[in-house]
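S.K.: Attaching a single structure in C-alpha cells format; questions to follow.
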Amino acid sequence: MPVSLEELEQHLNSAANAAERLAAALALAERLQQADARRAQALADEAIELAASLDRPAELARAHYFSGFAHHYQGNASEALSHLQAAQRAAEQACDREWLGMARRGIGIIYDTCGLYDQALECFLEALALFQQVGLPARERMAANSIAIIYSRTERRCEAIEQFRLLADQFGVAGQIKDQACALCNLGVDLGKEGQADAALVALGQAEQLLHGHGADGLLAAIRANRASTLSVLGRAVEALCLLRDVIPELVSHGMTVSEIDARVQLGRLLIESGHYGEAEVELQMAHEMALDGQMPEFLQDAQRVLSGLYKRQRRFELALEYSERYHTSERVMFNERSDRKLKLLQARVDLENVRQQMELERLRHTELARAHEELQRASRALFEADRVKSALVLQLEQQSMTDPLTGIHNRRYLDRQLAQEFERARRYRHPLTVAVCDIDHFKHINDRFSHAVGDETIKAVAQLLRSHVRQSDIVARFGGEEFVLVFIELGLEDAAAACEKVRQTVQAHPWHHIHPDLSVTVSIGVAPGHEHFNHEKMLSAADLCLYAAKHQGRNRVCSDVPAVN
C-alpha cells in the first residue's frame, strides 16, 4: 500500500479501472482533509460518483464523509451537513457501524459550529457508543475529543482541559500524531481562554512540532495562527505580527478559508496598534470581502467592527459610521440567520429520521407488524419533534428575555431573579455576598454633546469593561439607562470595594477617543454587603445610597458607606 502523498498520487494516476481509482481517490482524500481542503473535496466528489456507479455503499459512506469535512474546512456548513447525512444513510445501508459512528460524529461537529451543543453532544455520545461496540479505541478517542470540545463550549473548561491533556497522552501512545496535535491545539486554545497564556504557547508549540513532516500543512498553519493570537495576548505583538504574515499565505494555499479570515482580522488589529493603518485596511477589507462572499456573518461582523475602529483612528468619520452601521446590520442578520440555521438543522434531523424510518419500513412491509410499527413511529416522532422544537424555542425566548439587547449582558429581569437566589443562598450558608451599583458620570452631557449614538457606544464599552474585569462567577447586569449592577458572590465588602476600585480605574484609563476624539468617561460606584439586610431589595437600596454618596462627594469614586447626616 502507498504511504506517501507522492505514492498515493501515482497510484491514483495509474489506476487500471474504476474500482482501483475509487480506492486511490478515497485514500488521497483522507490524507488531504486537513492539508488541502479544496483538493480533498474534488477527490471525494469523484469518489462519490465512482462508488454510486459501482453500487458500493461502504465506500460511498466514506466518500460523502470526506466531502462533508472538506466543505466544513472551507466554511460551507449546509453542504457539509448534506454530505454527512448522506454518509450516514450509506453506512446504515452497508451495516458499517464504524463509518456510521464517523458520520454521527461529523454531524455533531456541524451542530457544534451552529451552536446546537445539546444535539452535538448527543451525536458524539452515539458515535462513542458505536466505536465501543466494534472495538475501535482510536475512534473512541476521537469521539472523546469532540465531547471535550463541547465541555469547553459550555463553560466546563476545566473538565475540557483535563480531558485534552489525557487525550493528547493517549493519542501519543497510540501513534495518532495528527489527532494528538489536534488535542494539544484544543488544550492550548482553552488554556489561553483561562488566562494561562504561557502554558497555552507550550501546548501549541508541541502541536506544531508533532505535525512537521506529517502531511497536514493546512492544520499546521491553523495551529500557528492560534499561536499568534496567544502571543498577542502576552503583549508580544511584533512576534505575533510576523507569524501571521508568514502563516496567511499557507492558509491560502491549503484552502483553509475560515482560518485565513480570522488570521487577517488578527493581523489587521495588530497593524492598527502598530500604526500601519494602510496595510491594516488592506488586510481587513480582504477579510471583509471573503466573509461576505462566503456568507460567514460572524467573521463579517468582526471585520466590520475592527474597520470602524480603524477609520475612527484615522478621523475618517464617514467611513467609521458606515462600517459601524454595517456592523449593527450584520449583527441583526447574524441573529436571524443563526435562528434560521438552527431551525433548518432541526428540520434536517427530522428528514433524516424520516429516511431511516422508511428504510426500516421497507424491510418490514410484508407483515402486519410493519403497519402497526409505522403508525407508532409516526406518532412517536411527531410528539418527539414537537416537544424538541417547543423546548428549543422556549429556551431561546427565555435567554432573550434575560439579555440586554444593547450590551449583550444580563438585564434587570435576570438580575432580580438571580440576586434573590444568591441572597438566600448566602444567608442560608453564611457566605459573604456584596452588591455594587455603578453609574456613568454625566451621561446626559455625553448624549447632549456627542449624540445618542456615542452614548450607546459608551454604554456598550462600559458593559464590556465591567464584564471583563470581574470574576467569571460574578454577575454583571444593566440596571437601566447608564446604570449597572455588579453582584460579587462569596466576596466580602472590602474585597468587593477593591475590585470596584480597579474597575473604576480601568474605565477612567480606557482609550475613549476611539469612540470620539473628545470623549472621556468615568463612573461612580456604591457598594453594600448582604449580611446587614433583611432581603436583597434592601441590599440593593443600600448600594444605591452609597452610589448617591459617591456622586455627592464629587463622582469618579467608590463609596462603601453612607456618611451620617446631622
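The values are calculated or read from the model by the stated rules, or taken from the named source; none is laboratory data. What you see is a predicted model, and the numbers here were worked out from it, not measured in a lab. Neighbour counts are summed over all protein chains in view; Cβ atoms, including those assigned to glycine, are modelled from backbone coordinates with ideal geometry. With ligands, DNA and RNA removed, areas are computed over all heavy atoms of the protein, side chains included. Shrake-Rupley method; radii C 1.70, N 1.55, O 1.52, S 1.80 Å.
S.K.: Do you know which of the residues in region 49-75 that are of a type in the set (G, A, S) and within 20 Å of V134 (Cα to Cα) is most open to solvent (accessible area, probe 1.4 Å)?
M.R.: A58
S.K.: What tally of residues in region 143-185 results from selecting those that are assigned to a helix (DSSP H, G or I), closer than 17 Å to Q33 by Cβ and open to solvent by 10 Å² or more (accessible area, probe 1.4 Å)?
M.R.: Result for region 143-185: 7.
S.K.: For region 61-70, state whether one or more residues are more than 27 Å from D293 (Cα to Cα), at pLDDT 90 or above and in contact with a helix residue (DSSP H, G or I) (Cβ under 9 Å, 6 or more places away or on another chain). Outline the logic, then answer.
M.R.: Taking region 61-70 and keeping what is more than 27 Å from D293 (Cα to Cα), we get 61-62.
Narrowing the set further to residues that are at pLDDT 90 or above leaves 61-62.
Checking the rest, the ones that are also in contact with a helix residue (DSSP H, G or I) (Cβ under 9 Å, 6 or more places away or on another chain) come to 61-62.
So far as region 61-70 goes, yes, one or more of its residues are more than 27 Å from D293 (Cα to Cα), at pLDDT 90 or above and in contact with a helix residue (DSSP H, G or I) (Cβ under 9 Å, 6 or more places away or on another chain).
S.K.: Another question, then. Go through region 79-138 and give me each residue that's among the polar types (S, T, N, Q) and farther than 25 Å from M296 by Cβ. Don't jump to the end; show me each part of the working.
M.R.: Step one: list which residues in region 79-138 are among the polar types (S, T, N, Q), which gives 82, 85, 88, 93, 113, 119, 132-133.
Listed by number, the residues that qualify are Q88, Q93, Q132, Q133.
S.K.: If I go through region 249-295 residue by residue, how many of them are charged (D, E, K, R) and under 17 Å from S324 (Cβ atoms)? Explain how you work it out, then say what you get.
M.R.: Taking region 249-295 as the starting set, the residues that turn out to be charged (D, E, K, R) are 250, 260, 262, 264, 269, 273, 279, 281, 283, 289, 293.
Next, from what is left, pick out any that are under 17 Å from S324 (Cβ atoms): 269, 281.
Residues in region 249-295 being charged (D, E, K, R) and under 17 Å from S324 (Cβ atoms): 2 in total.
S.K.: Let me confirm something: among E194, E250, which residue is touching a helix residue (DSSP H, G or I) at 6+ places or on another chain (Cβ under 9 Å), open to solvent by 50 Å² or more (accessible area, probe 1.4 Å) and under 21 Å from L284 (Cα atoms)?
M.R.: Numbers: E194 fails: under 21 Å from L284 (Cα atoms).
Selected residue: E250, the only one of E194, E250 that is touching a helix residue (DSSP H, G or I) at 6+ places or on another chain (Cβ under 9 Å), open to solvent by 50 Å² or more (accessible area, probe 1.4 Å) and under 21 Å from L284 (Cα atoms).
S.K.: When both residues are 6+ apart or on different chains and their Cβ atoms are under 7 Å apart, which pairs have a first residue that lies in region 101-130 and is under 22 Å from A58 (Cβ atoms), and a second that is surrounded by fewer than 24 Cβ atoms within 10 Å (Cβ to Cβ) and of a type in the set (D, E)?
M.R.: Matching pairs, first to second residue: R104/E126; L128/E140.
S.K.: Scan R315, R264 and give me the residue that is on the phi > 0 side of the Ramachandran plot and either in contact with a Lys or Arg (Cβ under 6 Å, 6 or more places away or on another chain) or modelled with pLDDT of 90 or more (or both). Let's see the steps before the verdict.
M.R.: Values: R264 fails: on the phi > 0 side of the Ramachandran plot.
It is R315.
Condition check ((1) assigned to a helix (DSSP H, G or I); (2) of a type in the set (K, R); (3) at pLDDT below 90) across all residues:
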position: G235; (1), (2), (3): no, no, yes
position: C242; (1), (2), (3): yes, no, no
position: V252; (1), (2), (3): yes, no, yes
position: V258; (1), (2), (3): yes, no, yes
position: L270; (1), (2), (3): yes, no, no
position: G275; (1), (2), (3): no, no, no
position: E279; (1), (2), (3): yes, no, no
position: L284; (1), (2), (3): yes, no, no
position: M290; (1), (2), (3): yes, no, yes
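S.K.: Have a look at S78, S82 and point out the one that is modelled with pLDDT under 90, of a type in the set (S, T, Y) and open to solvent by 10 Å² or more (accessible area, probe 1.4 Å).
M.R.: On the way: S82 fails: modelled with pLDDT under 90.
Matching residue, one of S78, S82: S78.
S.K.: Any chance you could count how many residues in region 52-67 are part of a helix (DSSP H, G or I) and either of a type outside the set (G, A, S) or over 29 Å from the mean Cα position of the chain (by Cα) (or both)?
M.R.: Adding up the residues that qualify gives 11.
S.K.: Still on this model: Give the residues of region 1-51 that are within 29 Å of the chain's Cα centre (by Cα) and either more than 21 Å from G255 (Cβ to Cβ) or not charged (D, E, K, R) (or both), sorted by residue number.
M.R.: If the condition is that a residue be within 29 Å of the chain's Cα centre (by Cα) and either more than 21 Å from G255 (Cβ to Cβ) or not charged (D, E, K, R) (or both), then A29, L32, Q33, Q34, A35, A37, A40, Q41, A42, A44 are the ones that fit.
S.K.: Looking at region 73-80, is at least one residue out of contact with any strand residue (DSSP E or B) (no Cβ under 6 Å at 6 or more places or on another chain), more than 27 Å from S253 (Cβ to Cβ) and small (G, A, S)? Before the answer, list the steps.
M.R.: Our first condition is that a residue be out of contact with any strand residue (DSSP E or B) (no Cβ under 6 Å at 6 or more places or on another chain); within region 73-80, this holds for 73-80.
Now restrict to residues that are more than 27 Å from S253 (Cβ to Cβ): none.
Within region 73-80 (the criterion being out of contact with any strand residue (DSSP E or B) (no Cβ under 6 Å at 6 or more places or on another chain), more than 27 Å from S253 (Cβ to Cβ) and small (G, A, S)), the answer is no, since none of the residues qualifies.
S.K.: Confirm whether A37 is at pLDDT below 90, open to solvent by less than 60 Å² (accessible area, probe 1.4 Å) and closer than 24 Å to I261 by Cα.
M.R.: Values: at pLDDT below 90: yes; open to solvent by less than 60 Å² (accessible area, probe 1.4 Å): yes; closer than 24 Å to I261 by Cα: yes.
Yes.
S.K.: Which of the residues spanning region 200-223 are acidic (D, E) and open to solvent by 20 Å² or more (accessible area, probe 1.4 Å)?
M.R.: Of region 200-223, the ones acidic (D, E) are 208, 217.
Within region 200-223, D217 is the sole residue that qualifies.
S.K.: Also, quick follow-up: Any residue at all in region 130-139 that is within 27 Å of A40 (Cβ to Cβ), within 21 Å of the chain's Cα centre (by Cα) and in a helix (DSSP H, G or I)? Don't jump to the end; show me each part of the working.
M.R.: First, the residues of region 130-139 that are within 27 Å of A40 (Cβ to Cβ): 130-131, 134, 136-139.
After this cut, where a residue has to be within 21 Å of the chain's Cα centre (by Cα) as well, the list is none.
Taking every residue of region 130-139 in turn, none turns out to be within 27 Å of A40 (Cβ to Cβ), within 21 Å of the chain's Cα centre (by Cα) and in a helix (DSSP H, G or I).
S.K.: If I filter region 224-244 for residues that are farther than 30 Å from E279 by Cα, of a type in the set (S, T, Y) and open to solvent by less than 20 Å² (accessible area, probe 1.4 Å), do I get at least one hit? Give the derivation first.
M.R.: Of region 224-244, the ones farther than 30 Å from E279 by Cα are none.
No, every residue in region 224-244 fails to be farther than 30 Å from E279 by Cα, of a type in the set (S, T, Y) and open to solvent by less than 20 Å² (accessible area, probe 1.4 Å).
S.K.: Which pairs do you get when a residue that is among the polar types (S, T, N, Q), found in region 26-54, comes within reach of a residue that is assigned to a helix (DSSP H, G or I) and open to solvent by 10 Å² or more (accessible area, probe 1.4 Å), reach meaning Cβ atoms under 8 angstrom, with the pair 6+ apart or on two chains?
M.R.: Short answer, once both residue conditions are applied: Q33/F69; Q33/Y73; Q34/Y73; Q34/K178; Q34/L219; Q41/H71; S53/A18.
S.K.: For region 409-525, which strands (runs of 3 or more DSSP E) that fit wholly inside it have 3 or more residues that are open to solvent by 20 Å² or more (accessible area, probe 1.4 Å) and not β-branched (V, I, T)? Full working, then the answer.
M.R.: Details: elements: 433-440, 475-480, 483-489.
Counting at least 3 such residues, we get 475-480.
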